[in-house]
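Here the structure is laid out as structure tokens; the discussion comes afterwards.
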Amino acid sequence: MRRSSISVPYGYEPPEETRKGTLIYYDTFEHITDEELEAAADLTRKLDFKRLVLYPLHEETVRRMSKEPVRAYHKREQQLYDWKNNASHSGVVVESFEGKRKKYTPLEAALRHLSDKYEPPYFLYVSPEMTNQIAAYSSFEEWIVKLRLLLPREPQHLHPKLEKYRHRWKTVRESLTEE
């Protein structure tokens with residue numbers, strides 16, 4: 001492999017990076033509308049994230065998590081690609097890891113894959129219902145210290161682990177008022 005050298009003037013300081021990390025939208029995307037996707041893209045811009053990663057769950061993962069019926073993975077994924085291409089969003093990625101696996105993917109495996117592929121810090125954008133399901137996993141305490149949760153609204157019922165780690169998650173409204 002060839003090396004390439006770059007010359008810079010004496011005393012050059014690279015500009016400080018103002019954009020931060022990755023916002024990961026972890027959902028089934030079964031009932032998500034284009035307006036909700038637009039809101040997530042706007043949130044990415046307002047909070048200066050480098051990238052918005054849309055992570056649709058495979059049918060087997062959804063079946064094990066909630067027993068909720070969902071459309072085929074490729075149909076939901078195609079809907080996300082259509083939205084992305086129609087609105088021409090830069091910095092939006094549709095992650096197809098679960099589509100390649102074609103089976104149940106534990107949350108730990110998904111987060112490990114995402115943390116290997118994208119830049120930190122990591123913010124997981126999830127619905128309140130999904131947040132309570134995630135908090136019930138045994139690996140929740142291991143991962144909550146490595147990422148933060150962003151919720152579109154306050155959950156009606158809080159899982160005890162969510163209450164314990166309240167400082168690691170916020171609602172979108174709280175995040176926008178801090179800016």
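Separation of the stretch 84-126 from the stretch 1-73 is 7 Å, based on Cα centroids. Taking the 0 to 90 degree range and rounding to the nearest ten, how far is the long axis of helix 73-87 tilted relative to the main principal axis of the chain, both from C-alpha atoms? Value to nearest ten degrees: 40.
Between Lys164 and Ser66, the modelled label-to-label distance comes to 2.4 nm, taking each label 7 Å out from Cα in the direction of the beta carbon. For every other residue with a beta carbon closer than 15 angstrom to the beta carbon of Glu35, add +1 if it is Lys or Arg and -1 if Asp or Glu, then tell me the sum. Residues close to Glu35 contribute a combined charge of -4. Applying 1/(1 + (r/R0)^6) with R0 = 35 Å to the Cβ-Cβ distance of Lys102 and Ser138 gives a FRET efficiency near 0.90. The slack between Lys146 and Ile6, meaning 0.36 nm per residue of separation minus the straight C-alpha distance, is 46.9 nm.
By the rule of a C-alpha distance below 21 Å, with chain neighbours fewer than 8 residues away ignored, the lysines paired with Lys164 are Lys146. Here the stretch 62-155 is assigned +1 on the Cβ of each Lys and Arg and -1 on the Cβ of each Asp and Glu. Its dipole about the Cα centre then comes out at about 440 debye.
With the highest mean first, a sort of the peptides 54-61, 77-84 on other beta-carbon atoms found within 10 angstrom per residue produces 54-61, 77-84.
Placing a pseudo-label 7 Å from each Cα along the Cα-to-Cβ vector at Asp48 and Ala109 gives an inter-label distance of 3.7 nm.
For the stretch 1-102, lysine pairs separated by 8 or more sequence positions, or belonging to different chains, with Cα-Cα distances below 23 Å total 13.
Given +1 at the Cβ of Lys and Arg, -1 at the Cβ of Asp and Glu and no other charges, the dipole of the chain around its Cα centre is 640 debye to the nearest 20. Listed values [x] 17.9, 61; [y] 22.6, 80; [z] 20.4, 66 include one computed from this model; for Rg and Dmax of the Cα atoms in Å that value carries the label [x]. Stretching Glu36 away from Asn85 to a fully extended chain increases their span by 16.0 nm, per 0.36 nm per residue minus the current alpha-carbon distance.
The numbers here are math on the coordinates, done by the rules we state, and not lab data. Bear in mind the structure is a predicted one, so any value in this text is a computation, not a measurement. We place every Cβ from the backbone using ideal geometry, glycine too, and count neighbours over all the protein chains shown.
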